[in-house]
Structures are given as C-alpha cells and as structure tokens.
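Below: the structure, in structure tokens.
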Amino acid sequence: MALTRLAVKRKADASVHVCYLCKENHDNGLCKIGKNKKNENEEETETISHDVLEKKGSNKQQKKETQRDISITEISSEVIHSYRTNVSVVTKLFGSISGHLLLSDEACEHTFQTIKVDGPEIYLKSETKNIKVFDITEIKKSEFILSFVDDTFLKRMSSKGSLRKFLDFSPLLPRALQITASGHLLMSVREQGEAFPLNSKSCRQLIVMDLKGKPIHTYEYSNKRKRLFSLVVRIATSSKGDIYLVDRETIDGHGCVAALSYPNKIKWRYSGNNNITSDRFCPGDIIIRNSDTIIVTDVDNALIHILNISGLVTNYIDTSKQGISFPYMICLGVDELLWIGCSTQEEDTSDRAMLYSLKY
C-alpha cells in the first residue's frame, strides 16, 4: 500500500403467550384445550425505523440481485476545475448550500478554510489556523455543526464563522456527522486514546438524536453482541432515511462501506471488487447522489467506486487517467459537479494537496 497521509493516527425473558382458545396466559405456550397456535387473523407488529416512521416495508418477496447480475463499467470523466491548496491533505471537504466549499486539514496543517468558486476561478475566502476539524454538517444555510479531533464537544458555527459549544459527549469523542432529511443528527463516537487495536472496553457507536441532543437510537452491537463496526469515519444518508457509512477497520485506512438496518443490523458490506482492483479497499469518503447512487473514494488505488443501494458496484472511475492521485474527500457542489480533495505522499513534506471538480 502506498504511504499516504490519512487522518487515522442480554438475554431476553421468555415470552408469555395469550392463548386465543382459552384466553389465559401460558409461560410454556401450551393450553389445556390444545396447543397454543398462532391465530391466523392475528395482526403482526411491524418494526418501523427511527428515521422513516411513515415508511412501511413491502412484504412481497423479490429476487435478490447479485453482483453477477450487473456488468461493471468504467466511466470517463472530465476535469472542470483544478486548484492547488496550501495544505498537505484534505481531510474533510463539504459543499455548503451557499455554494462555498469548506475544507479541513486536521492531520498536518491544522487549518480550516472556506473556498469560493466563481465560475472558472477558485480562491481562498477565509482561513482559521490551529484547529482540527474532523467533520462538518449543515443544519440550515450557513449554519453548521462541527466535530473536532481532540474535543468531546460538538460546536456550532455561524454564517460569520464564529464557534460556540453545542453538545458535550465526554468522555467520548464525536466523529462523523450527518443531518438526515427529517432533521435528525447522526453522529459516530469513540473512546479517547488510540483508535486501534480495539479491545473489550472500546466504545464504537452511531447515535441518532434530535437537534437538542436528545438520543433517539444507538447502533453498536447486533443481537448476538457482535460489534456492528470498527470505526465510523464518514456517514451519508439518502432522502429516504437510509444510512450508509465508511467503516475504517485498520490503522492503515483499510475498511468497508456498510448499510445499516434498524434496529441493530448491517444490511450489507462492500469491501471492494477484484474486477476493478485486487489491491485492498481503502475507502475515504462517501456521498449519495439522486437517492440511489452511492459514491465512494478508494484513496490508495486512485479509484472512485459507484454502487447501487444494494451495495453492488455498477461503475467506477480511474482518477489516475485524469492525473488525480490519492482521491480522499468528496462532495457535490451546487452545480452537481463532483468535487475531490486529495491526499499526498507522506514522505514528501513539501507537496500540496490538489482540489478538483469532475463531470462524469
């Protein structure tokens, strides 16, 4: 693997059955009149997602699509903008509603920038130094929530760039952030200290809450007490409320993309595809386009993987053919262009990270 600058460094009680024959309770499910069979007319309870309370799943059985059913196609792209930044690695790139790009380098330069795109021109509008912004999400136009590398607080940032403390999750560190279509805040957290290796005391959660900080649901373990993820570093949601994430599994940045299923399941995982590259998958960032297209960067392999909502790869972009190395962070601009913030070779201390916009 190329050495790139990555920001890594109960058992339930037995059910009590109400017999529809004698209308009494039976701990063992048996009845003096006969076996306690399920009433065919009894209505089943359906579990509804926290974020899609109005949506009910279909009971119709459909043929499950597999990767064999899909032809993987390499698609061409065109570079519209290119811009050499003054940072070593773009560790976060966010496209705001106003059209500005928010850029962070929390790994090397410890800076946070606002970049303005004006037609073919790109220039630095503002810069805050000595700050380690990990992730950003926008509540409303020019009102943001930020997480920080070494801070247990989330902070709110106004349109003028001023910061104020918002919510404290001590002793946990907030990480990835995302606002859902229904206005809920998704946030991943971990314990303080080294991220890897994990141990029995490691806390790796994804919390769903309202904008006052009231918890709605927490993802951490499956029914079998197995961890759902190792370290959630990025979150994306569709307009339908589906949750997708980048799960970093090693200190080197290898990992997978996963889809969550309420209340505590992983719907699917994607760890790369050998028909694209046999090298290990190194996901950096994830976005959703048009509610049914998942776009993921593959940093070390200079690739962008494009998946459908079933977790199957449909297309990919080889960014090296456009001279783009180490594509790390991505976002969509107001013009629907795909913006890419890059990393650099760690051994080259003078190298500056590039910023590109692509049309594909």
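Every number here is computed from the coordinates shown, using simple stated rules; none is lab data. Because the structure is predicted, anything quoted here is derived from the model rather than measured. All Cβ positions, even for glycine, are placed from backbone atoms using ideal geometry, and neighbour counts span all protein chains on display.
Taken one residue at a time, the phi angles of region 337-343 give Karplus couplings (6.51, -1.76, 1.60, θ = phi - 60°) of 6, 8, 9, 10, x, 9, 9 Hz. Gly and Pro are set to x. Past the 32 Å Cα-Cα mark, which pairs from Lys201/Lys267; Lys160/Lys214; Lys92/Lys359; Lys214/Lys359? In this structure, Lys214/Lys359 lie more than 32 Å apart at Cα. Under the combined filter of DSSP loop state and at most 16 neighbouring Cβ atoms within 10 Å, region 57-129 retains these GluC sites (Glu not before Pro): Glu65. Pairs of C-alpha atoms in region 155-288 farther apart than 27 Å represent 21 percent of all such pairs.
With the cut-off at 1.5 for a/c, could you classify region 110-157 from its C-alpha gyration tensor as rounded, prolate or oblate? The shape class here is oblate.
Extension gain for Ser82 to Gln345 (0.36 nm times residue separation, less C-alpha to C-alpha distance): 92.8 nm. Think of region 74-359 as having a plus end and a minus end, set by charges on the Cβ of Lys, Arg, Asp and Glu; of Ser310, Ile287, Thr218, Thr218 sits farthest toward the positive end of this dipole. Here the 3J(HN,Hα) profile of region 210-219, calculated from phi with Karplus coefficients 6.51, -1.76 and 1.60 at θ = phi - 60°, is 8, 6, 9, x, 6, x, 10, 7, 10, 9 Hz, Gly and Pro shown as x.
In this simple spin-label model, placing a label point 7 Å from the Cα along the Cα-to-Cβ direction at both Lys224 and Asn199 gives a separation of 2.6 nm.
The overall shape of region 74-359, judged from the alpha-carbon gyration tensor, is rounded, with an a/c ratio under 1.5. Toward the positive end of the charge dipole of region 74-359, about the Cα centre and with charges on Cβ (Lys, Arg +1; Asp, Glu -1), which of Val246, Gly95, Phe166 goes farthest? Among Val246, Gly95, Phe166, the one farthest towards the positive end of the dipole of region 74-359 is Phe166. Just so you know, the Rg over Rh for region 224-276 is 0.99, from Cα atoms, with Rh as the Kirkwood radius. Here the calculated FRET efficiency for Ile251 and Lys214, from their Cβ-Cβ distance with R0 = 41 Å, stands at 0.75, rounded to the nearest 0.05.
Once the Cα-Cα distance is subtracted from the 0.36 nm per residue extended length, the Glu336 to Ser142 segment shows a gain of 68.0 nm.
Placing R0 at 22 angstrom, the Cβ-Cβ distance between Arg289 and Thr114 gives a FRET efficiency of 0.40 after rounding to 0.05. Placing +1 on the Cβ of every Lys and Arg and -1 on the Cβ of every Asp and Glu, with nothing else charged, gives region 74-359 a dipole about its Cα centre of roughly 1320 debye.
In terms of Cα atoms, the Rg and Dmax of region 78-226 work out to 16.8, 54 Å. For Ile139, the residues whose modelled amide H falls within less than 5 Å of its own, excluding neighbours fewer than 5 places apart on the same chain, are Phe144, Ile145.
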